[in-house]
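What follows is a short report on a single structure.
The values are calculated or read from the model by the stated rules, or taken from the named source; none is laboratory data. Bear in mind the structure is a predicted one, so any value in this text is a computation, not a measurement. With ideal geometry, Cβ positions are generated from the backbone for all residues, glycine too; neighbour counts draw on all protein chains shown. Heavy atoms of the whole protein, side chains included, go into the accessibility calculation; ligands, DNA and RNA do not. Shrake-Rupley method; radii C 1.70, N 1.55, O 1.52, S 1.80 Å.
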Amino acid sequence: MPDLSGQVAIVTGAGSGIGRACAIALADAGARVHATDIDGPAVEETARMVDQAHDGQVTFAVQDVTDEALWSDIFSEAESVHGPVSILVNNAGIGDGGPIVEYDLERWRRLMAINLDSVFIGTREAMRRMKDTGGGSIINISSVAGLRGAPGASAYCASKGGVRLFTKAAALECASMGYGIRVNSVHPGIIDTPIWTKSIVDMAQATQDSEEAQALFSQTGANAMDPELIAQNVTPMGRPGRAGEVADLVTFLASDDASYISGQEHVIDGAMTAR
Ligand code: NAD
């Protein structure tokens, strides 16, 4: 396991799924963690889970990642309790979709604000601070949807594609400025987390011409999709990934074991994009 003792991490969207798993994995590797989420009770529960195994190693805060002014406070809180922040995991995100001809600008802008604007604001705050405190590692959670298109997911694909190239630009800037900060993106495939049950991802509407796509996006509830069923259809490994598997990759990228890795896209998708 990578050694993150002495490191301080902020994880956004840490109240659920991949973010919660990252908070746990980073703490397991020895980091002190400031876990944030817009959902207060959920992130408090994450902190309780981490605290059980690592007493005093975790703090939490309610944060809407689209609130620009709050980012500075979040870093200051983490610093005052734990010391200079050296790891940022920009994980908070939502899924939303539908046919482009029916999609409205308000939904587009909301998704961009949460999935993409927040990555810019968070990375900027991290760079401003880390460049003066010994550097660090920024990990931005994108998606396989940031690598290739999907019908019915235009806004989501655009936001995650934006995360991918923003990450590369930030990595190059950090390297050329000698900031000592590595920036990478992580591209999960189908991961079994609550995002599938709460997203309004009505992609089936936009894929009427494809039987495979219909099976793929066949809905299990009004606004819910089943990651198990989807993964069986589209993932060569035949199963969805686990949040902890993504968290292990994030923990590696956060650590000095990844000291020569920056500006890269790290796909974790059960071979989904290999064909
Ligand atoms: P999740 O829904 O389980 O968790 C997302 C968390 O983000 C929730 O706790 C939610 O409250 C929080 N959040 C939402 N809006 C927020 C805001 N404005 N400010 C702060 N927090 C906010 O989802 P997940 O599957 O764990 O997704 C985590 C990340 O991984 C997302 O960026 C998602 O797009 C990405 N991703 C997920 C999958 C997958 O299959 N699960 C695949 C590819 C990429």
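Just need the relative contact order of the chain here, percent rounded to a whole number, with Cα pairs under 8 Å and 6+ apart.
Normalised by residue count, the contact order of the chain is 20 percent.
Give me the aspartates and glutamates in straight-line cross-link reach of residue 168: C-alpha distance below 15 Å, same-chain residues under 8 apart excluded.
265
Using a 10 angstrom cutoff on alpha carbons, build the Gaussian network for the chain and name the most mobile of 253, 88, 172.
Of 253, 88, 172, the most mobile in the Gaussian network model is 172.
With every protein chain present, what accessible area does residue 173 have (1.4 Å probe, heavy atoms only), rounded to the nearest 10 Å²?
Roll a 1.4 Å probe over it and residue 173 shows about 100 Å².
Given Cβ point charges of +1 (Lys, Arg) and -1 (Asp, Glu) and nothing else, what value in debye, to the nearest 20, does the dipole of region 76-132 about its Cα centre take?
Numbers: 7 positive and 9 negative charges, 44 e Å.
Value, rounded to 20: 220 debye.
Any chance you could look up the accessible area of residue 127 with a 1.4 Å probe, heavy atoms only, rounded to 10 Å²?
30 Å²
What spacing in nm lies between the two simple spin-label points modelled at residue 237 and residue 172, each 7 Å away from Cα in the Cβ direction?
For the pair residue 237/residue 172, the computed spacing is 3.1 nm.
So how strong a dipole does the chain carry about its Cα centre when Lys and Arg Cβ are +1 and Asp and Glu Cβ are -1, to the nearest 20 debye?
Values: 19 positive and 35 negative charges, 133 e Å.
Using Cβ point charges on Lys, Arg, Asp and Glu, the chain gives about 640 debye.
What Kirkwood hydrodynamic radius, in Å, does the chain give when the mean of 1/r is taken over all pairs of distinct Cα atoms and then inverted?
Working: mean 1/r = 0.0536 Å⁻¹.
Every distinct Cα pair counted, the radius reaches 18.7 Å.
Compute the FRET efficiency between residue 110 and residue 44 as 1/(1 + (r/R0)^6), taking r as their Cβ-Cβ distance and R0 = 30 Å, and round to the nearest 0.05.
On the way: r = 25 Å, r/R0 = 0.83.
That gives a FRET efficiency of 0.75.
Using 5 Å bins from zero, what percent of all Cα-Cα pairs in region 34-117 falls into each bin?
Result returned by the calculation: 3, 13, 20, 21, 16, 10, 8, 5, 3, 1, 0.
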